[in-house]
Amino acid sequence: MSASASDLRPSFRHEALLYSDQATFLEGTVRFIRDGLAAGEPVLVLETAQNIGLLRSELGQEADQVHFGDMAEVGSNPARIIPAWREFAAQRPGQRLRGIGEPIWNGRRPTELIECQRHEALLNPAFASGVEMWLLCPYDTKGLPPAVIAEARRSHPFIVDGSGSHQSTEYRNPPALFDAALPESPSESPEHGIERSTLTMLRMVVTAAATRAGLEQVRIANIVMAANEVATNSLQHGGGQGTLRLWREDGALIIEIRDGGAFDRLLVDRERPGSDVEASRGLWLANQLCDLVQIRSYPRGTVVRLHMWC
Amino acid sequence: MRRPYLGDRADAVATVVSGERHNDTVYVDKQLAVKRTTSPNGLTFAGAIDYFNVAAVAQSLTLAVNGGGDLHLDLSRLEFCDVSGIRALVRVAETMNGQGRLLLHGLPVGLQNAMTAVGWSDLPSLVICNGGSQEQ
């Protein structure tokens with residue numbers, strides 16, 4: 001790209017690449033990578049294993065200069081993707097960076113898709129200042145439903161398609177991030193009160209459900225730890241009490257914790273805890289231990305849903 | 001709000017439970033027992049640490065490090081420890097700064113995973129000793 005266009009670009013450029021086949025995927029990504037390498041910019045590609053293979057063979061030896069990560073691992077829980085970009089940036093202070101990230105592919109569960117879309121929208125405030133990065137997010141227009149492409153146009157300020165790169169007229173900022181509705185929870189699942197003196201009981205209820213769901217020992221320990229932390233958050237910050245419900249749905253064990261509190265920091269669940277001992281770590285930990293975490297904050301209180309695939 | 005404190009409560013329970021003096025019992029409640037060990041100098045924890053009793057755990061640790069030197073914690077019978085419990089360990093380890101270390105023995109795998117995930121597994125004054133039983 002020309003120097004003048006480069007000078008005009010904002011410190012964080014978040015662009016959706018709408019591709020319809022292998023050729024348009026490679027056309028959009030390979031030149032983006034090569035331009036970055038030519039400018040001496042570190043490039044991180046978080047992609048599906050298949051697309052990493054395509055890029056490697058197309059780039060040839062130049063691939064050795066590119067950092068690759070399997071999005072199916074890094075972003076299995078999409079709330080771990082922003083911390084991965086931040087870590088990449090933190091290791092290269094002051095450098096202009098490029099990234100390619102494809103968090104949504106055909107086969108993501110409906111709940112994962114919702115959280116991937118939330119992740120895409122959160123990238124804008126997450127990198128609003130402090131990091132000079134150009135992030136390109138490929139979307140497979142053939143493999144994904146039209147509604148997903150429409151949402152990509154709303155969460156990305158810039159769109160690259162057959163007619164080149166342009167501002168998205170549908171870009172929505174600020175997005176509705178915390179108060180989006182969640183699917184109804186089944187009415188027959190019993191409600192357990194959360195109290196300071198009964199956390200042991202709560203862990204027993206979660207352990208029993210996780211065991212019935214067939215989770216392996218380490219994953220049982222993980223979901224119990226996460227549920228206990230979120231429940232403790234309710235006791236400490238959510239009005240001193242809360243309720244827990246759990247159920248199985250579409251191959252997932254879901255633990256839902258509600259309380260009367262409110263989340264006020266958009267990235268509350270994806271900011272890596274620093275060295276401050278007193279800083280809250282519960283929601284960060286939940287995202288590291290669970291397959292998916294949904295957090296919402298409504299005028300009447302907060303809802304956290306922890307998902308474990310089973 | 002009712003809080004489990006050290007002192008009268010620990011003494012009372014130790015007396016009631018055993019009918020005799022148990023000088024090694026530092027704290028006990030419905031889900032946790034903390035006992036003092038002398039060789040090596042430290043504490044054993046059996047049961048669960050959570051928001052219910054973490055204040056008492058923190059106080060037990062603070063009293064135990066007052067003597068100075070290394071403090072060995074046998075956690076092999078700790079069934080559960082939440083982030084606030086880990087925080088209590090980290091806080092004590094930080095106060096020992098230079099005058100001794102906090103050595104964790106028999107750390108359950110789940111707890112070790114959590115410590116790594118929240119970035120508390122590599123403090124200089126906090127030593128994770130793998131291998132289960134407490135070294136003598």
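Entry comment: accessible area of segment B:76-136 is 46 Å² per residue, from protein heavy atoms only and a probe of 1.4 Å. Counting only DSSP beta bridges with both residues in segment B:30-86, the antiparallel share comes to about 50 percent. With a simple spin-label model that places each label point 7 Å from the Cα along the Cα-to-Cβ direction, the separation between A:His166 and A:His237 comes to 4.3 nm.
Beta-bridge orientation, the protein assembly as shown: approximately 50 percent antiparallel, per DSSP, counting only bridges with both partners inside.
Sparse packing (at most 15 other Cβ atoms within 10 Å of the Cβ) combined with a DSSP loop state is found for the following GluC sites (Glu not before Pro) in segment A:154-252: A:Glu170, A:Glu184, A:Glu188, A:Glu191, A:Glu216. Accessible-area loss of 10 Å² or more (1.4 Å probe, protein heavy atoms, chain alone versus all protein chains) is found in segment A:191-221 for A:Arg196, A:Ser197, A:Leu199, A:Thr200, A:Arg203, A:Val218, A:Ala221. Taken over the C-alpha atoms, segment A:88-207 has Rg and Dmax values of 19.5, 62 angstrom.
For peptide A:232-239, compute the average count of partner chain beta-carbon atoms within 10 Å of each residue's beta-carbon. Working shown, then result.
Values: counts 7, 2, 0, 3, 2, 0, 0, 0.
Shielding by partners across A:232-239 averages 2.
Shape analysis of segment A:1-100 based on the Cα gyration tensor places the equivalent ellipsoid semi-axes at 20, 18, 14 Å, largest first. Extension gain for A:Gln61-A:Thr198 works out to 43.4 nm (0.36 nm per residue, less the C-alpha to C-alpha distance).
DSSP H helices in chain A with Cα extent of 27 Å or more along the helix axis and mean Kyte-Doolittle hydropathy at least -0.5? Intermediate values should be presented prior to the final figure.
Numbers: long enough: A:217-237 (30 Å, 0.20).
TM-like helix candidates: A:217-237.
Rounded to the nearest 0.05, the FRET efficiency derived from the C-beta distance between B:Arg77 and A:Ala49 at R0 = 45 Å is 0.55.
Shape class of segment A:253-309 from the alpha-carbon gyration tensor: oblate, with a/c at 1.5 or above and b/c at least as large as a/b.
Cβ-Cβ distance of A:Val30 and A:Ala150, R₀ of 25 Å, FRET efficiency by 1/(1 + (r/R0)^6): the value works out to about 0.40.
So what's the protein assembly as shown giving for Cα Rg divided by 2.2 N^0.38 Å, two decimals? Spell out each step's value before the answer.
Values: Rg = 25.1 Å, N = 446, 2.2 N^0.38 = 22.3 Å.
That ratio works out to 1.12.
When a/c is below 1.5 the answer is rounded, else prolate if a/b is larger than b/c, else oblate, so apply that to segment A:160-310 with a ≥ b ≥ c taken from the square roots of the Cα gyration tensor eigenvalues. Because a/c hits 1.5 or more and a/b exceeds b/c, segment A:160-310 counts as prolate. Helical content of the protein assembly as shown, expressed as a calculated mean residue ellipticity at 222 nm, amounts to -11000 deg cm²/dmol (DSSP H runs of 4 or more residues, -39,500 (n - 2.57) each, divided by residue number, nearest 500). The accessible surface of the protein assembly as shown, taken with every protein chain in place and a 1.4 Å probe, is 50 percent carbon and sulfur. Take each residue in B:102-113, count the other chain C-beta atoms within 10 Å of its C-beta, and the mean is 2. Spin-label model, A:Ser129 to A:Glu191: label points 7 Å out along the Cα-to-beta-carbon direction sit 4.2 nm apart.
Remark: spin-label model distance B:Thr37-A:Arg265 equals 3.7 nm, labels positioned 7 Å along the Cα→Cβ axis.
The values are calculated or read from the model by the stated rules, or taken from the named source; none is laboratory data. Given the structure is predicted, the values throughout are model-derived calculations rather than measurements. Cβ coordinates were reconstructed from backbone atoms using ideal geometry, including for glycine residues, and neighbour counts include every protein chain displayed. Ligands, DNA and RNA are stripped out before the accessible areas are found, and what is left, the full protein with its side chains, is counted by its heavy atoms. Shrake-Rupley method; radii C 1.70, N 1.55, O 1.52, S 1.80 Å.
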